[in-house]
Amino acid sequence: MNAPVPPPVACGGIDLHQEHGQRAVFCGLTGIVWLHRKIQDAFFLVVGSRTCAHLIQSAAGVMIFAEPRFATAIIDERDLAGIADANEELDRVVTRLIERRPDIKLLFLVGSCPSEVIKLDLSRAAQRLSGRLAPVRVLNYSGSGIETTFTQGEDACLAALVPELPRAPAEAAPSLLIVGALADVVEDQFLRIFSAMGIADVRFLPARRAGAMPAVGRNTRYLLAQPFLADTARALHERGARRLAAPFPLGTEGTTGWLRAAAEAFGIDDVTFAAATAAGRARSETALAPHREKLAGKRVFFFPDSQLEVPLARFLARELGVDLVEVGTPYLHRAHLAAEIEMLPAGTRVTEGQSLDDQMDRCRAARPDLTVCGLGLANPLEAEGLSTKWSIELLFTPVQGYEQAGDLAELFARPLRRRALLEV
Ligand code: SF4
């Protein structure tokens with residue numbers, strides 16, 4: 001029997017519903033797949049089971065030629081039965097790893113469901129190993145499916161980094177921090193725009209190298225580049241940094257709003273802002289035009305997966321004329337998403353949380369032109385004749401900023417094109 005449907009909740013002009021029930025979302029270990037490429041001298045050691053190892057291997061692709069920057073320390077039956085001393089085993093594995101890989105400067109011990117079940121204290125292990133293996137820093141966070149969904153692994157990783165960041169002196173000039181993993185090419189594009197605006201001191205979290213992490217203090221103003229960083233934002237706030245309220249840099253409008261928030265905080269005048277952004281805006285609009293022709297009027301349904309759903313829905317509706325059937329999100333951070341919620345078409349149905357069967361029923365009944373969902377749901381829905389887009393692709397592909405707006409639209413247009421060809 002289905003659970004009774006709770007009434008809508010007031011939130012801006014949207015039609016917000018909250019659901020609780022079975023979920024179909026990857027765990028936070030998945031974040032390692034993009035984080036290990038970002039911090040080039042870090043290593044992610046999952047303390048988990050063979051299932052965890054398989055998940056990461058298949059999410060990252062099995063064709064690994066170079067020595068990878070992640071691995072799994074397998075918790076076996078002896079550890080689970082309490083026969084072996086899991087701490088001793090872990091120390092042995094980590095020490096051997098660091099001896100063999102002197103290139104590792106920062107090691108993350110990543111907790112999993114099994115490490116939580118046996119109550120292995122990874123925070124203590126990280127402290128103990130940091131002392132022994134200095135100057136290598138050892139930190140820990142949880143990527144377990146009990147505690148985290150898909151993108152929350154990145155949030156947990158960055159939140160673990162914040163206490164380690166150097167402290168900016170109280171008298172330091174205001175600086176801008178961009179928070180959330182972005183492709184290097186996207187960071188470089190944003191740096192050029194900030195520089196054209198006259199904002200010179202811009203840093204990124206995470207940095208590309210462990211020794212180059214940004215200093216943070218009371219004069220740090222930060223822009224979130226990703227909407228799933230609640231814990232990281234809280235940790236930065238405790239350090240004294242202040243968040244700049246903005247939409248997320250997806251599409252022309254989101255990117256302009258995001259850059260404008262920085263311009264306003266740093267006192268950049270309108271003429272300079274317009275000059276710094278005009279060319280990018282024009283290129284972005286030109287790139288979007290052909291996709292608008294194909295996507296306008298198409299009906300799109302989002303299952304909750306990455307927490308990117310609300311900004312993506314805003315982009316699709318406002319810049320490509322898409323009709324939003326339902327926008328599911330695992331968690332709706334009211335403050336971080338305030339600007340996005342305001343821009344969603346009035347009455348958009350947004351579902352926070354998930355009751356999988358109920359949502360599948362609504363999706364099947366609506367028969368949308370495109371369904372954005374996790375890998376596990378895509379195959380059954382395709383088999384029922386629905387076009388799908390894997391939400392995980394939106395994390396692996398550079399999609400932020402003016403230069404990527406066309407690629408972002410293409411990610412949604414491609415499955416529709418494929419379906420049309422199949423039908424012909
Ligand atoms: Fe599965 Fe938990 Fe390991 Fe994730 S952390 S792969 S949910 S066992």
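The values are calculated or read from the model by the stated rules, or taken from the named source; none is laboratory data. Small disclaimer: the values here were computed from a predicted structure and weren't measured. Here the Cβ positions follow ideal geometry from the backbone for every residue, glycine too, while neighbour counts run over all protein chains shown. Side chains are part of the model used for accessible areas, which takes the heavy atoms of the whole protein and leaves out ligands, DNA and RNA. Shrake-Rupley method; radii C 1.70, N 1.55, O 1.52, S 1.80 Å.
The residue list Thr252, Ala262, Ala215 was ranked by how far each Cα lies along the charge dipole of the chain toward its positive end, using unit charges on Cβ atoms, and Ala215 comes out on top. Here the label points at Asn87 and Thr51, each 7 Å from Cα along the C-beta direction, are separated by 2.7 nm in the simple model. Relative contact order for region 177-294: 24 percent, from Cα pairs under 8 Å spaced at least 6 residues apart, divided by residue count. Amide H contacts for Asp15 (H built 1.01 Å from N in the peptide plane; partners 5 or more residues away or on another chain; cut-off under 5 Å): Gly347, Thr348, Arg349, Val350. Within the same chain, aspartates and glutamates fewer than 8 places from Lys294 are excluded, and of the rest, those with a Cα less than 13 Å from its Cα are Glu319, Asp323, Asp369, Glu410.
Packing around the peptides 153-164, 119-130, taken as the average count of other Cβ atoms within 10 Å per residue, puts them in this order, highest first: 153-164, 119-130. With all protein chains kept in place, the per residue accessible area of the chain amounts to 43 square angstrom at a probe of 1.4 angstrom. Cβ-Cβ distance of Arg418 and Asp188, R₀ of 41 Å, FRET efficiency by 1/(1 + (r/R0)^6): the value works out to about 0.80. Relative intensity of region 28-148 on a log10 scale, I(q)/I(0) at q = 0.15, 0.17, 0.20, 0.23 Å⁻¹, equals -0.63, -0.82, -1.15, -1.49, per a Debye sum over C-alpha point scatterers of equal strength in the absence of solvent.
For region 320-424, the fraction of C-alpha pairs more than 25 angstrom apart is 24%. Note: relative contact order over the chain, using C-alpha pairs below 8 Å and six or more positions apart, is 18 percent. Derived value for region 75-224: Kirkwood hydrodynamic radius 17.5 Å. Basis is the mean of 1/r over every pair of different alpha-carbon atoms.
A Cβ-based charge dipole, computed about the Cα centre of the chain with Lys and Arg at +1 and Asp and Glu at -1, lands at about 680 debye.
Taking the 1.4 Å solvent-accessible surface of the chain as the whole, the part contributed by carbon and sulfur is 53%.
Among the DSSP helices (H) of the chain, those spanning at least 18 angstrom by Cα along their long axis with an average Kyte-Doolittle hydropathy of -0.5 or more are 184-197, 251-265, 270-295, 405-423; this is a geometric and hydropathy rule only.
Put the Cα centre of region 132-178 next to the Cα centre of region 284-353 and the gap is 29 Å. Computed from the Kirkwood radius of its Cα pairs, the Stokes-Einstein diffusion coefficient for region 175-273 at 25 °C and 0.890 mPa s stands at 180 µm²/s.
In straight-distance terms, cross-link reach from Lys298 covers every one of the lysines whose alpha-carbon lies under 29 Å from its own, apart from those fewer than eight places away in the same chain; here that gives Lys389.
Using the Cα centre as the reference, give the magnitude of the dipole from point charges on the C-beta atoms of region 175-273 (Lys, Arg: +1; Asp, Glu: -1; all else neutral), rounded to the nearest 20 debye. Walk me through the numbers on the way to the answer.
On the way: 11 positive and 10 negative charges, 80 e Å.
That gives a dipole near 380 debye.
The Cα trace of the chain gives Rg and Dmax of 22.1, 69 Å, the first to one decimal, the second as a whole number.
Dipole magnitude for region 28-148: computed about the Cα centre from +1 point charges on Lys and Arg Cβ and -1 point charges on Asp and Glu Cβ, it is near 420 debye.
Candidate cross-link partners of Lys105 among the aspartates and glutamates, defined by an alpha-carbon separation under 15 Å and a same-chain spacing of 8 or more, comprise Asp41, Glu164. Note on Arg299 and Asp269: their simple-model spin labels are 5.1 nm apart, each label 7 Å out from Cα toward Cβ.
Loop-located GluC sites (Glu not before Pro) in region 344-394 (DSSP state other than H, G, I, E, B) with a sparse environment of at most 13 neighbouring Cβ atoms within 10 Å: Glu384. GNM on the chain, alpha-carbon springs under 10 angstrom: the most fluctuating residue among Met360, Met343, Met197 is Met360.
Fully extending the segment from Lys105 to Ala196, taken as 0.36 nm per residue of separation minus the present Cα-Cα distance, adds 29.4 nm.
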